[in-house]
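For reference, the structure discussed in these notes is given below.
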There are 2 protein chains.
Amino acid sequence: MARLVMKFGGTSVANIERIRNVARHVKREVEAGHQVAVVVSAMAGKTNELVGWCREASALHDAREYDAVVASGEQVTAGLLAIVLQDMGIWARSWQGWQIPILTDGAHGAARITGADGSRIIQHFEERNEVAVVTGFQGIHQPTNRIATLGRGGSDTSAVALAAAIHADRCDIYTDVDGVYTTDPRIVPQARRLDRVSFEEMLEMASLGAKVLQVRSVELAMTHNVKTFVRSSFDDPADPKPGTLICDEEDIVEQQIVTGIAYSKDEAQITLRRVADKPGVAAAIFVPLADANINVDMIIQVVSDDTTTTDITFTVPAADYERAKTILEKARGEINYATLQGATDVVKVSAIGVGMRSHAGVAAKAFKALADKGINIRAITTSEIKFSVLIDAAYTELAVRTLHSLYGLDKA
Amino acid sequence: MARLVMKFGGTSVANIERIRNVARHVKREVEAGHQVAVVVSAMAGKTNELVGWCREASALHDAREYDAVVASGEQVTAGLLAIVLQDMGIWARSWQGWQIPILTDGAHGAARITGADGSRIIQHFEERNEVAVVTGFQGIHQPTNRIATLGRGGSDTSAVALAAAIHADRCDIYTDVDGVYTTDPRIVPQARRLDRVSFEEMLEMASLGAKVLQVRSVELAMTHNVKTFVRSSFDDPADPKPGTLICDEEDIVEQQIVTGIAYSKDEAQITLRRVADKPGVAAAIFVPLADANINVDMIIQVVSDDTTTTDITFTVPAADYERAKTILEKARGEINYATLQGATDVVKVSAIGVGMRSHAGVAAKAFKALADKGINIRAITTSEIKFSVLIDAAYTELAVRTLHSLYGLDKA
């Protein structure tokens, strides 16, 4: 007997027929003798409808009211799944975030879970092995007693938080892919599904645009050491595939040096030429950007032709590119640069692997391989377990394929 | 300064444009200096959609899960109206039944309100004259902590219960008619809107099929002496009509003998001929019907041709007619009757007025007037403030018009 959390997203519960399919997955686990809590999203399209109404009601809507409206989507799915499970002869009941309760901070619309009380759900497990069907994406803020939502994709985080609260043996995230891949299979047909990936690697992959899991849910899984599987809800409920286990580094026996290659197209590059090379100039550039909530990622500073000035290159999210340029043009007097150059047709390609910690020269190999293919590297960043290169977008596929082969990730 | 509850039904909040119109009504009252709580139903059609999903999920669905699903409709409307009000510069917030709380019993799907705590809403009135937007149709059952709905039309009851809880000066029920009429204006064009009608009269009218207000809401208004207006949400928000006040009998100065004529088509008649006239026979007939939850309304017993048997005629709701016949046929041996006759093409026409209490011969006048028109009366019942006659359905309009004129209710 194990205790587990199963999470299903919006496309998996888009109508009653799909909800019945979800119930079959749940039934399999119940019949295997497990105690099961299910976390559900709203039916696909419902959240968009609700958000649309809020926007129509007012362009500047109160986030607390937005939350009250939008949280209703999961409430509907949870009740319906409980009904379908009962119809299959399985004890089940729905739980809304405030009933458990799942507690959040007061950042309505993008709240963080601050706690969850699993005691009543566990009590119902023990008393009659009742399946708990829990509304994802939401909790309650105290002492205001108002519903708060976690922001898009928040149901993954709900599932992991619930798994921690009920001391679940594992948390299965059912999605429309059957696991985490070494890279995007649309670009590299040789991409392999990983059996296991460490929390740290998954965090880097998630934040780099391999959008399988919400970053926050991986952080939470790492903190509470929740064994989390990514698996497909479209598998045959009677014979599902295992998916990918996201787990502690120590639980991975044969650790690769590089586990995966990710890429992110939402990048823009800004270069300031001939900036006066004196103390405080970096602050003059980056403080106004930070004040405007613009995340600066890669930063490189190189000495210019003359020795009194320097060139500074950095990246910002593509969505903030125009705003960043405006801010820097306004601050030109203070920063004192000659020209501002920018590019949006750039992409960041990254290699991730905890094995890098103990292997030198991993990145250097990549620089050479990319150069051999004629790919120019605009910027580089490295961390303990990943390195990233900024290149022209036109070379995205070539670069990803090159690194995927280089580190031995191609399918046998 | 007054304190008031305003209630709007599903057609009044069917989309954002109509919700904006509701907000204009609310704004008028706020600008007049009043403290306002608004009770809203789900958008028209939404409750049916949610109910449809529950039925699709299982024919025999758990009423507690049904409630969790269906209650989401009002949650959406309450949040949206709060957003629209804020957009108009009015302090407002939504309250769900469980947040107030409005307490109910455990009869999920058709729960009764057992209490409501108005203290926090009053506190918000006092602190900053904030409009409370409250989800109708629902409350919370304790100690189970689960949402319970009141059954169709329950938002009227929510509004009255809230009015009692916050000690409101009045409760305005906005609907698609502009008040309570002396009879159905589709049948009698001379029908007049009543300025005032007593709780007792309204109860009889509501239960007799003049479906303006849910019966339970009128009972509650009477118990707590809540002055309740029925008025139109389609009036110009800047210049609304007063509607009909439902109030204590003592607040009506010029009391008419008869206030209104109601009719109900949902009736069926059953006659048992030559029933043995001995003690216990009434029980033999009516106990099995009561056990099957069939409401028997009018009952007449007349002595038959011979003196050892009697004929018994009574009415049941048309929807229960076939079921009632089956039960009586099964019990034939015990009841010992000669024949069972039935009719569904019958209608009950009633005259209602608290003035009947002090005036004799009110009903007798009606029997004569109907006889003069050649209308045969199949059964009669009378109570303190109303009398009803059962007639052939073909004579409905003629009978209603005849009584409406007879008691001086036609428009001048």
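Ranked by solvent-accessible area (1.4 Å probe, protein heavy atoms only, all chains present), the residues B:409, B:203 order from largest to smallest as B:203, B:409. Accessible surface ranking for A:117, B:345, A:67, 1.4 angstrom probe, highest first: B:345, A:117, A:67.
Placing +1 on the Cβ of every Lys and Arg and -1 on the Cβ of every Asp and Glu, with no other charges, gives the range B:77-223 a dipole of roughly 320 debye about its Cα centre.
Residues of the range A:323-348 falling in the label zone of residue A:308, defined by backbone nitrogen less than 20 Å from a point 7 Å along Cα to beta-carbon, are A:332-340.
Sorted into 10 angstrom bins from 0, the C-alpha pair distances of the range A:3-248 split as 8, 33, 37, 18, 3, 0 percent.
Modelled spin-label separation between residue B:110 and residue A:398, with each label point placed 7 Å from Cα along the Cα-to-Cβ direction: 7.5 nm. When chain A is turned onto chain B, its residue with the beta carbon nearest the axis, and that distance in whole angstrom, is A:72, 2.
Derived from the Cα gyration tensor, the three semi-axes of the equivalent ellipsoid of the range B:261-406 are 29, 16, 14 Å, largest first. Ignoring lysines fewer than eight residues from residue A:241 along the same chain, the ones with Cα atoms less than 19 angstrom from its Cα are A:7, A:27, A:227, A:411. Could you tell me which residue out of B:374, B:238, B:91 lies farthest along the dipole of the protein assembly as shown toward its positive end? Charges go on the beta carbon: Lys and Arg +1, Asp and Glu -1, centred on the Cα centre. Farthest towards the positive end: B:374. Each label was represented as a point 7 Å from its Cα along the Cα-to-Cβ direction; for residue A:88 and residue A:326 these points are 5.2 nm apart.
Restriction of the trypsin sites (Lys or Arg not before Pro) in the range B:207-293 to DSSP coil positions whose beta-carbon has at most 16 other beta-carbons within 10 angstrom yields B:211. Each of residue A:253 and residue B:405 was given a label point 7 Å from its Cα along the Cα-to-Cβ line. The distance between the two points is 9.9 nm. Based on protein heavy atoms only, chain B ends up with 41 Å² per residue of surface accessible to a 1.4 Å probe. Under the convention that each Lys and Arg Cβ holds +1 and each Asp and Glu Cβ holds -1, the size of the dipole of the range B:3-252 around its Cα centre is about 440 debye. Angle, helix B:362-372 long axis vs. longest principal axis of chain B, Cα atoms, 0 to 90°, nearest 10? Helix B:362-372 sits at roughly 60 degrees to that axis. Calculated mean residue ellipticity, 222 nm, chain A: -10000 deg cm²/dmol, from DSSP H runs (n ≥ 4) at -39500 (n - 2.57) each, averaged per residue and rounded to 500. Against chain A, whose longest principal axis comes from its Cα atoms, helix A:46-57 is set at around 70 degrees.
What's the magnitude of the charge dipole for the protein assembly as shown around its Cα centre, counting Lys and Arg as +1 and Asp and Glu as -1 at the beta-carbon? Answer in Debye, nearest 20. Don't jump to the answer; show the numbers that get you there.
Numbers: 86 positive and 104 negative charges, 130 e Å.
In total the dipole reaches around 620 debye.
The count of lysine pairs in the range A:261-406 with alpha-carbon distances below 27 Å, taking only pairs 8 or more places apart or on different chains, stands at 17. Which parts of the range A:180-220 would a label at residue A:241 reach, counting a residue when its backbone N lies under 16 Å from a point 7 Å out along Cα-to-Cβ? What the label zone holds, given the 16 Å backbone N cut-off, is A:180-197, A:212. The C-alpha atoms of chain A define a longest principal axis, and helix A:215-224 lies at about 70 degrees to it.
Projecting the Cα atoms of B:70, B:54, B:395 onto the dipole axis of the protein assembly as shown, where Lys and Arg carry +1 and Asp and Glu carry -1 at the beta carbon, places B:395 farthest toward the positive end. Between the beta carbons of residue A:341 and residue A:373, assuming R0 = 25 Å, the FRET efficiency works out to 0.50 to the nearest 0.05. In the protein assembly as shown, a dipole from Cβ-located charges (positive for Lys and Arg, negative for Asp and Glu) runs towards its positive end, and of A:412, A:283, B:294 it is A:412 whose Cα lies farthest in that direction. In the range A:16-31, comparing the full protein assembly with the chain on its own, the residues that lose 20 Å² or more of accessible surface at a 1.4 Å probe are A:16, A:20.
Kirkwood radius for the protein assembly as shown, taken over all pairs of different Cα atoms as the inverse mean of 1/r, rounds to 31.6 Å.
Enclosing the Cα atoms of the range A:80-169 in their convex hull gives a volume equal to 93 cubic angstrom per residue.
The values are calculated or read from the model by the stated rules, or taken from the named source; none is laboratory data. Given the structure is predicted, the values throughout are model-derived calculations rather than measurements. Please note: Cβ atoms are built from the backbone with ideal geometry, for glycine as well, and neighbour counts cover all protein chains shown. Side chains are part of the model used for accessible areas, which takes the heavy atoms of the whole protein and leaves out ligands, DNA and RNA. Shrake-Rupley method; radii C 1.70, N 1.55, O 1.52, S 1.80 Å.
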